[in-house]
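S.K.: This is the structure I have questions about; it appears just below.
The values are calculated or read from the model by the stated rules, or taken from the named source; none is laboratory data. Since the structure is predicted, the reported quantities are computational estimates derived from the model, not experimental observations. Neighbour counts are summed over all protein chains in view; Cβ atoms, including those assigned to glycine, are modelled from backbone coordinates with ideal geometry.
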Amino acid sequence: MAWNKLLRRALLDPEFKANVEFLRQVPLFADLSERALGQVLTICYEKSYGTGEAVFDEGAPGKALYIIKSGDVVVTKQERTIAHLHTGDFFGEMALLEECPRSATVTVTIDTVLLFIYKVKFDGLLEERPSVGLKVVRNLATMLSARLRKTDETFASLVR
């Protein structure tokens, strides 16, 4: 989307501007410029889920990253709760890197609105706007590293 068109949309569409501001609060996108946030927003989709509805099940094909715009979800693996996520959190991030089966099940605990980005759309952003995509990938790598470190510490404490 051309910058002029993006700028017009940001100035004239209050919902678009609110969504850009929301993305700015998500750690994955926090260091992006307003222009870059607008570019990311153009590849986002939005969907509402009702309480108890599964976003995806463990083993399902991973094709998108999800961002909680409002609401809460629970992440379970083999019926064990491994995380509770809230507004501004994201999940399914491994799907932006590779389309592998989901490693856990995610279920909505209260009515929830999610933004999501399909891998194929993210790949297009990487190709068209490599500087934006690179920042997102760098942030993603940093966050995945932190999550892996936490998992290692948890596992080590269980083995002792």
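S.K.: Scanning for something of a type in the set (K, R) and either buried (at least 19 other Cβ atoms within 10 Å of the Cβ) or at pLDDT below 95 (or both), does segment 94-115 turn up at least one residue? Talk me through it step by step, then tell me what you get.
M.R.: Going residue by residue through segment 94-115, those that are of a type in the set (K, R) are 102.
Subset that is either buried (at least 19 other Cβ atoms within 10 Å of the Cβ) or at pLDDT below 95 (or both): 102.
Taking every residue of segment 94-115 in turn, at least one turns out to be of a type in the set (K, R) and either buried (at least 19 other Cβ atoms within 10 Å of the Cβ) or at pLDDT below 95 (or both).
S.K.: Go through T81, T87 for me and flag whichever is among the β-branched types (V, I, T) and more than 12 Å from L115 (Cβ to Cβ). Before the answer, list the steps.
M.R.: Working: T87 fails: more than 12 Å from L115 (Cβ to Cβ).
After applying the criteria, what remains is T81.
S.K.: Considering only segment 52-63, state which residues are part of a strand (DSSP E or B) and under 15 Å from the mean Cα position of the chain (by Cα).
M.R.: Kept after step one, since they are part of a strand (DSSP E or B), are these residues of segment 52-63: 54-56, 61.
Passing the criteria: V55, F56.
S.K.: For the subset of segment 56-85 comprising residues that are of a type in the set (A, V, I, L, M) and in contact with a Lys or Arg (Cβ under 9 Å, 6 or more places away or on another chain), which member is surrounded by the fewest Cβ atoms within 10 Å (Cβ to Cβ)?
M.R.: A60
S.K.: If a residue has to be at pLDDT 95 or above and not in a strand (DSSP E or B) to count, how many in segment 64-87 make the cut?
M.R.: Of the residues in that region, 2 qualify.
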